[in-house]
Amino acid sequence: MNRLRLLPAIVSLFLLTACIPKLSSNTEVTQDLKETAQAETTIIPSRQLSENYYRTLIPYKESSTRGLVVSNLNTKYDMKEVENGLMRLSQREFDTSNYYFQEGQYLSASTVKNWLARPNQTSKEAPNEQGLNPSSLDAKTNTEMDPIVKAEKAPIYLSHIVEQNYLTKTDDNKVKLGGVSIGLALNSIYYYQKEQYGEFYEEPIEQAQLEKAGKAIAEEIITRLRARPELADVPILVGLFRQEAKNSIVPGTYFSYAVSSAGSNNAGSWEGINERYVTFPMSSPDEKYREINKEFQNFKQDVDTYFSNFTSVFGTGFYRNDGIQSLEIEIPIQFYGTAELIGFTQYLTGVMLNTLPKDLAITVSITSVNGPEALIKKEPSNDEPFVHIYE
């Protein structure tokens with residue numbers, strides 16, 4: 001029998017969080033503050049949710065650039081994945097058992113804004129020597145390019161920079177910086193206007209062009225970071241993230257990364273990443289999506305037979321190396337009765353177990369205009385899902 005848990009609230013298990021145990025079971029250490037001779041006491045939580053999650057130092061330190069992601073990226077899906085994907089990528093270099101996560105503390109908001117700019121916007125403005133995107137000025141005439149020419153020859157490639165810090169514990173009961181991860185969010189489409197306040201146009205950026213520009217930007221960023229004494233001798237991982245279009249309902253993904261070894265001024269060798277998010281159901285899926293698409297359609301059909309007032313049932317599958325890793329399903333509903341919701345959730349749990357793969361991580365979210373209504377979550381290693389109905 002499936003577990004049906006009625007709780008006042010549920011604590012979401014995001015990648016950065018961990019259950020906070022009693023402080024007596026934690027480890028107190030000292031951390032040297034960046035660019036100062038001061039040190040402060042910090043706490044390493046004793047518990048770790050699993051090897052997939054980093055422990056986070058207490059008190060939690062926010063990055064000064066965290067708010068920029070909202071204005072710099074196109075969709076809420078990219079905002080989440082550019083950070084979570086970088087953390088997932090970082091696990092290849094900084095294992096979760098020996099490293100602790102901290103939001104980026106070395107790139108200020110003003111630095112990131114300067115780096116995201118063009119070297120100069122118009123001939124009347126002073127050059128921004130820190131700008132990493134192409135200049136908008138014609139090299140011969142030093143005048144602003146025509147918008148169409150600019151879109152073809154000098155689009156904005158870099159839209160956002162994410163920094164993550166990974167710390168290690170030393171023998172003298174301290175924590176120190178053990179590595180830095182940098183995520184470069186790159187535009188797959190350049191949006192521009194031919195005239196001020198005019199209509200927006202789109203110029204797709206070819207993958208080869210985007211990758212070449214991204215790698216060049218990465219090399220320059222590594223050079224700048226190495227110029228800082230506190231970052232001169234730690235590994236620096238750089239990932240290239242392809243941002244999706246503004247109307248996309250799935251996030252982009254990281255497609256390449258490199259690790260600059262401690263003390264090196266270059267990115268090192270680049271390694272491709274084969275990850276992708278896809279939506280279900282598909283009308284004409286490729287062979288690699290056909291089986292799971294059929295199973296999802298069977299799931300959707302069974303859901304539709306229970307109630308006829310659904311607006312949609314859709315899923316997002318995460319693929320790595322052409323194999324599906326997880327499936328998230330969203331079901332918006334229009335009814336509100338508690339008994340009705342419990343009955344539907346019980347029915348839905350059975351449908352999920354009968355129609356969808358049992359060796360797959362699956363999350364089903366039931367929502368209404370009032371917000372989240374119920375959550376069903378199943379891990380590949382468990383036959384019995386966790387079921388929660390929000391009160």
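Quick look at the numbers
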item	result
Inter-site label distance for Glu220 and Asp286 at 7 Å from Cα along Cβ, in nm	3.3 nm
Accessible surface, 1.4 Å probe, highest first, among residues Asp304, Asp359	Asp359, Asp304
Options Ser261, Val238, Leu210, ranked by Cα towards positive dipole end of the chain, top entry (Cβ charges)	Ser261
Enclosed volume per residue, in Å³, of the convex hull spanned by Cα atoms of the range 88-213	147 Å³
Alpha-carbon Rg/Rh ratio, for the range 146-256, with Rh computed the Kirkwood way	1.11
The range 157-220: radius of gyration over Cα atoms, expressed as a fraction of 2.2 N^0.38 Å	1.76
Accessible-area value, Thr338, 1.4 Å probe, nucleic acids and ligands omitted, Å²	100 Å²
Under 24 Å from the Cα of Lys61 - lysines, other chains or at least 8 residues apart	Lys22, Lys34, Lys76, Lys80, Lys113, Lys169, Lys174, Lys176
Estimated 222 nm signal from helices in the chain, with DSSP H stretches of n ≥ 4 weighted -39500 (n - 2.57), rounded to 500	-7500 deg cm²/dmol
Span from the the range 362-391 Cα centroid across to the the range 232-282 one, whole angstrom	30 Å
Cα-derived Rg to Rh of the chain, Kirkwood definition	1.01
Size of the range 234-382 as Cα extents on the principal axes (Å, biggest first)	62, 35, 35
Heavy-atom accessible surface of the chain: percent carbon and sulfur, 1.4 Å	48 percent
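The values are calculated or read from the model by the stated rules, or taken from the named source; none is laboratory data. Just so it is clear, the structure is predicted and the values come from calculations on it, not from any experiment. Cβ coordinates were reconstructed from backbone atoms using ideal geometry, including for glycine residues, and neighbour counts include every protein chain displayed. To get the accessible areas, we keep the full protein, side chains included, count just its heavy atoms, and leave off ligands, DNA and RNA. Shrake-Rupley method; radii C 1.70, N 1.55, O 1.52, S 1.80 Å.
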